[in-house]
Amino acid sequence: MTVQIPVRIPEEDAERLDAVVASGRYASRSDALRSGLELILRQERDREILESYRRAYAECPEEESEIGLWALTELVRKERAAGYDAP
């Protein structure tokens with residue numbers, strides 16, 4: 001099921017939107033606006049996840065330990081061996 005939501009935008013934005021659609025990147029204005037909405041919703045979800053992590057770490061801060069440092073070292077070593085070395 002879909003819901004129609006009327007939206008008013010400045011004429012300049014509508015012209016720019018039409019230019020993006022004319023470039024062939026999107027099939028229609030609606031397609032372009034849906035893509036923009038998906039981006040906003042993904043960013044909001046990511047923000048909520050980060051906020052959840054922030055709250056959890058505030059409640060239970062990590063403690064540095066030899067085991068944790070060893071595990072991190074091993075992870076980095078294995079990633080590098082697999083070719084995931086950071087630039």
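The one condition from (1) modelled with pLDDT under 95; (2) surrounded by 10 or more Cβ atoms within 10 Å (Cβ to Cβ); (3) polar (S, T, N, Q) that Ser35 does not meet is (1).
All conditions in (1) within 24 Å of Val3 (Cβ to Cβ); (2) exposed (fewer than 10 other Cβ atoms within 10 Å of the Cβ) hold for Glu66, with the sole exception of (1).
For every residue, the table says whether it meets (1) in a loop (DSSP other than H, G, I, E, B); (2) of a type in the set (Val, Ile, Thr); (3) touching a Gly at 6+ places or on another chain (Cβ under 7 Å).
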site: Thr2; (1), (2), (3): yes, yes, no
site: Tyr26; (1), (2), (3): yes, no, no
site: Leu37; (1), (2), (3): no, no, no
site: Gln43; (1), (2), (3): no, no, no
site: Ser52; (1), (2), (3): no, no, no
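Could you please let me know if Ile9 is at pLDDT below 95 and surrounded by 10 or more Cβ atoms within 10 Å (Cβ to Cβ)? In short, no.
The values are calculated or read from the model by the stated rules, or taken from the named source; none is laboratory data. Everything quoted here is computed from the prediction, not taken from an experiment. Glycine also receives a Cβ, built like all others from the backbone with ideal geometry; neighbour counts cover every protein chain displayed.
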